[in-house]
1. For the chain, find the longest principal axis of its Cα atoms and tell me its angle to the long axis of helix 70-90, 0 to 90°, nearest 10.
2. When Lys and Arg each count +1 and Asp and Glu each count -1, what net charge do the other residues less than 14 Å away from GLU131, Cβ to Cβ, add up to?
3. Hey, what did the chain get for relative contact order, percent, Cα under 8 Å, at least 6 apart?
4. Note down the nm distance, to one decimal, between modelled labels 7 Å out along Cα→Cβ at LYS3 and at GLU32.
5. Hey, of (i) 23.8, 87; (ii) 18.4, 63; (iii) 19.9, 65, which did the structure itself give for Rg and Dmax of the Cα atoms in Å when calculated?
6. Report Rg (one decimal) and Dmax (nearest whole number) for segment 86-138, counting Cα atoms only, units Å.
7. Angle check, please: helix 3-20 long axis (alpha carbons) against the longest principal axis of the chain (alpha carbons), in degrees 0 to 90, nearest 10.
8. Using a simple spin-label model with points 7 Å from Cα along the Cα→Cβ vector, what separation in nm is obtained for PHE178 and LYS67?
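Just so you know, all these numbers are worked out from the coordinates, no wet-lab data involved. Just so it is clear, the structure is predicted and the values come from calculations on it, not from any experiment. With ideal geometry, Cβ positions are generated from the backbone for all residues, glycine too; neighbour counts draw on all protein chains shown.
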Amino acid sequence: MNKVIWLLIISDILILSAFGLITPIFAIFLNEGITGGSIVAAGIASAIFFIIKSVTQLPLSMYLDKKRDKLGFLLAGTFVIVLIPLFYAFSQNIKFIFIAQAAYALGAAMAYPSWISLFTMHLDRKHRGFEWSLWSTGVGIGTAITAYIGAVVAQNIGFKNLFFIVSGISFFGLLVLFFISKKYLKDVEKIEGFVIPWYHNHKK
């Protein structure tokens, strides 16, 4: 299996599993721990994320299809995502949560198309179904485990500490992505059929 695939899967498992810690308690956090928060506000926060992500993701993905620096967009978007739990931790008013959701959506709109593009480009033609299933299984199991753990952690040490933990784990997911840069350059040259000057010069 291509090393890029492994690194993308590991990164996604770390980040999505980390955010799985928040999933079961986010509405409770907004209802009990934020000024102006409520169950309705939790619904609005979720809507803000999905609407902004959906509206911006399509034009960004079209732009990415014309550009070579997909890894750069993935790193930038993931960096924004990693910061979101810290924004939650220091938010005291629901308006700040809504702003955080908007930023989260923009980060996701940059990261998701980039991740999918890189993953698809590096799939083994003979094992595409398995490699997609490996990603799905890893993320599914990780999220299932952390959904339970997140509720326990929030109950015992509080929401704020939980958000710090989520950001910390996600940061490791971001760091993993930095290990794929050189491999990415080599494979993109081979797969997309264009010559990258830096890599071309160092092959000689």
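1. Tilt relative to the chain: about 10 degrees.
2. Details: positive: LYS3, ARG125, LYS126, ARG128; negative: ASP12, ASP124.
Net local charge, GLU131 excluded: +2.
3. On the way: 256 pairs, mean separation 81.8, N = 204.
The value is 40 percent.
4. Once both label points are built, they end up 4.7 nm from each other.
5. Calculated Rg and Dmax of the Cα atoms in Å: the matching label is (ii).
6. When restricted to Cα atoms, segment 86-138 yields Rg and Dmax of 16.7, 51 Å.
7. Compared with the principal axis, the helix lies near 10 degrees.
8. Placing both labels 7 Å beyond Cα along the Cβ direction yields 2.1 nm.
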